[in-house]
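Report on the structure given below.
We did not get these values from a lab; they are worked out from the coordinates using the rules stated. As the structure is a computational prediction, the values presented were derived from the model and not from experiment. Glycine also receives a Cβ, built like all others from the backbone with ideal geometry; neighbour counts cover every protein chain displayed.
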Amino acid sequence: MKYSIILTTILAGSFLMANAQNAKPEDTEIWEPIPKAVVPGKVLGDAPSDAIILFNGKGLDEWVDVETQTPAKWTVKGDVLTVNKATGNIETKKKFTNYQLHIEWRVPASITGSGQARGNSGVFLASIGKGDAGYELQVLDSYNNKTYVNGMAGSLYKQVIPLANPGRKPGEWNVYDVVWTAPVFNQDGTLKSAARATVFFNGVLVENNFELLGPTQYIGKPSYEGKAHGASPIKLQAHGDKSEPLSFRNIWVREL
């Protein structure tokens, strides 16, 4: 038996070597399907031709109030969208699964408060209910502002610490570029594959294909149990702290 195995291995190796000797470069060339042509933005950060524009200063037609599903009531001035803390969170009308997201945000130069009470908001990469239900990418003034590190800007809130802190000082614009892979659930509601997120913060990689443990939990550990869902809106948070409201601009998404 031992000799049969050795002979088989030798023959298999000879066959592969012969095939390799007869191989051509064309054997490993793939010609179809041809990727679709996409026109990039003229400036890095501008929406490419296949993007869905969620906000570019022309109103809030793509957004609704989370609690009432009525038109969003945040403040639009010029190309800037400013949080209205009195009216609560807003989310997109459209639901998404996997996507690339670009969003810019600015803490006001006059910001007051400290820790989690200083320029706090959040980008919920999938909103799965009212309030703060979903998966939160934290927005916060993290420029010389001490807080728990899994709650600073660039963190997937209470789940993972960012790899770096490239946050700009108050009054300057910050940029998030996100690749979101939605979780997939079996028909019985059990988890088939977890959500993943890659986040660039001002061009710096701060989350590298991180596998989320479940939707965000303020208290306790995250879990997918009992939380199966499908395509979901993107949500922006009106945090209840007393600091001056922050602003967003240039929000677009590409479905993947």
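Points worth noting:
- Projected label points at Tyr148 and Asp188, each 7 Å from Cα along the beta carbon direction, are separated by 3.4 nanometres.
- Taking only the Cα atoms of the chain, the ratio Rg/Rh comes out at 1.14, with Rh defined as the Kirkwood radius.
- Stretch gain in nm, segment Asn22-Glu255, where the contour uses 0.36 nm per residue and the Cα spacing is subtracted: 79.7 nm
- Net +/- balance of residues flanking Trp74 in space, Cβ distance below 11 Å, scoring K and R +1, D and E -1: +2
- Computed packing ranks the peptides 228-235, 240-247 as 228-235, 240-247, most packed first, by mean other Cβ atoms within 10 Å.
- Spin-label zone in segment 34-64 - amide nitrogen under 14 Å from a point set 7 Å from the Cα of Asp79 along the C-beta vector: 41-48, 54-59
- Cβ-Cβ FRET estimate between Lys36 and Asn56, R0 fixed at 22 Å, reported to 0.05: 0.45
- Projected over every direction and averaged, the convex hull enclosing the alpha-carbon atoms of segment 72-148 yields 6.4 nm².
- For the chain, the longest principal axis of the C-alpha atoms and the axis of helix 2-22 are separated by about 70°.
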